[in-house]
Amino acid sequence: MSKSILIHENGGPEKMKFEEVEVGKPGPGQVKLRHTAIGLNFIDVYTRSGLYQTPMPNAVGREAAGVIVEVGPRVKGFKKGDRVAYCGVLGAYCQERLMGVDQLVKVPTGVSDEQAAAIMLKGMTTEYLVDRTAKAWLKKGDTVLFHAAAGGVGLLFGQWAKARGYKVIGTTSSPEKAALAKKNGYKWVIDYTKQDIVAEVKKITKNKGVPVVFDGVGKDTWAASLDCLQPRGLMVSFGNASGAVAPIPLGILNTKGSLYVTRPSLFAYTSTRADLEASARSLFKMVKSGKVKISIDQHYPLAEAAQAHIDLESRKTTGQTVLVP
C-alpha cells in the first residue's frame, strides 16, 4: 500500500484527502516509481478547483522525481534504480505510482531529485517561452515584460532570459519579492500594488513599449499587458493565476497596434519524445552550467498538501516548492 493525496470532487483545499491506495505491479511499458520529491505548481490548483476538468478520483499533481523500483515487461531504456523525473502526467501527489516510460526523463548527475521535481514543469515552460515561443520577436539586448517575477516560473525566467541576452522587467507585489526578482536576473521590477504597470514600462522603454509580454497571471493583467506592447508585439498568455481571461473582440488587437497573441502549453511544445528530451536536456544543461540556479524555497510534507495550496493561492510562497513524500 502507498499513501496518496486524492480528490473525489472539485473544490477548495479541504477536498484533498490523504488516503491509502493499492499500487500494484507495472504492466507492459510501465514502471513502478517511488517518489522522492513532488513539485507544486499553480496548475495543481486548477485541477483541484475544477478550472481544468479531470477524471475523479485523482492525485492532483503533475510533476515529480523519484527512483524506479520495478520494471514491467517490454520496457526499453530504463531499469530498476534509475533516477527519473516527469511533468504533465496527472497523479503526482503520491508516494508510489505506476506510469508509462514515454513521459519519463533520466535525471543526470549534478541535478538533485528536489531540483528536478521543482523545475521540470516550470523549467521546460521557461525553455519553450524564451527559446521557442518568442524567438522570432527578439534579438539580444531587447527588453521584455514578465508578470509575477517572484513566482516559480518567474525566477527561472529572469535568469534564463538574462543568459540569452535579454533585459527583463518584472512585476511583483512587495519589496521583498522585488528584491528576490532582482537577484534572479530582472533589471527592473515594478510593484503593481503601488505603481502603474503601463506607465512604468513606458518610462523604462522611453515610450516604445516592449516587443513581448509573458503573462501567466491572466485576467488581472491582460489589459495592461496589451498596452505595454509595441506595434506588432507578441502577447504570450501562458497561465491564469488570477482567473481566466474573458473573451475579447479580435478587433482590439488591431486598434492597439496589429498585435499578436498566443496561448501556449507545455504539452504542445513537448508532444513528441524528441521535443521532450530536447527540452529536458536544455533545462538540465542550464542548471548544471550555473546560469540558472535552483533554490527550493518551501518544503511541505505530502500530507500537508492542502496547506501548500492555501499558501500558494494567497501568494505566500516564492520560487520553488516541493512536497516531500
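Read-outs throughout are calculated quantities, based only on the coordinates presented, and are distinct from any laboratory measurement. Note that the structure is predicted; figures quoted are calculated from it, not measured. Here the Cβ is made from the backbone with ideal geometry for all residues, glycine too, and neighbour counts use every protein chain on show.
Calculate, for Glu313 and Lys79, the FRET efficiency according to 1/(1 + (r/R0)^6) with r their C-beta to C-beta distance and R0 35 Å; round to the nearest 0.05.
After rounding, the FRET efficiency stands at 0.30.
Over segment 138-263, what is the mean sequence separation of C-alpha contacts under 8 Å (at least six apart), divided by residue count, expressed as relative contact order in percent?
21
What list of ³J(HN,Hα) couplings, whole Hz, do you get for segment 293-310 from phi and the Karplus terms 6.51, -1.76, 1.60, once you set θ to phi - 60° and write x for glycine and proline?
9, 10, 10, 8, 8, 9, 10, 10, x, 3, 4, 9, 4, 4, 5, 4, 5, 4
Which one, Leu138, Ile68, Pro57, projects farthest toward the positive side of the charge dipole computed for segment 38-153 from Cβ point charges (K/R +1, D/E -1)?
The listed residue farthest towards the positive side: Leu138.
Below 8 Å, C-alpha to C-alpha, sequence gap of six or more: please give me the relative contact order for segment 198-309 in percent.
Rounded, it is 19 percent for segment 198-309.
What is the distance in Å between the Cα centroid of segment 214-238 and that of segment 296-325?
Rounded to whole Å, the Cα centres lie 28 Å apart.
So which trypsin sites (Lys or Arg not before Pro) in segment 49-95 are both in a DSSP loop and have at most 15 other Cβ atoms within 10 Å of their Cβ?
Within segment 49-95, the qualifying trypsin sites (Lys or Arg not before Pro) (loop, at most 15 other Cβ atoms within 10 Å) are Arg74, Lys76, Lys79, Lys80.
Among 160-169, 211-220, 249-258, 4-13, how do they line up from the highest to the lowest mean number of other beta-carbon atoms within 10 Å?
Highest mean packing first, the order is 211-220, 160-169, 4-13, 249-258.
If you rank Glu20, Glu313, Glu127 by fewest surrounding Cβ atoms within 10 Å, what's the result?
The fewest-first ordering by Cβ neighbours comes to Glu20, Glu313, Glu127.
By counting other Cβ atoms within 10 Å of each Cβ, how are Tyr186, Tyr260 ranked from fewest to most?
Tyr260, Tyr186
What's the center-to-center distance, using Cα atoms, between segment 27-105 and segment 116-151 in Å?
Centre-to-centre distance over Cα atoms comes out at 24 Å.
Which ³J(HN,Hα) values, rounded to whole Hz and listed in residue order, are derived for segment 54-59 from phi using the Karplus coefficients 6.51, -1.76 and 1.60 in 6.51 cos²θ - 1.76 cosθ + 1.60 with θ = phi - 60°, glycine and proline given as x?
9, x, 10, x, 8, 9
For a quick check: with amide H placed at 1.01 Å from N, whose amide H comes under 5 Å from Leu40's, ignoring anything fewer than 5 positions away on the same chain?
Hits under the 5 Å cutoff: Thr321, Leu323.
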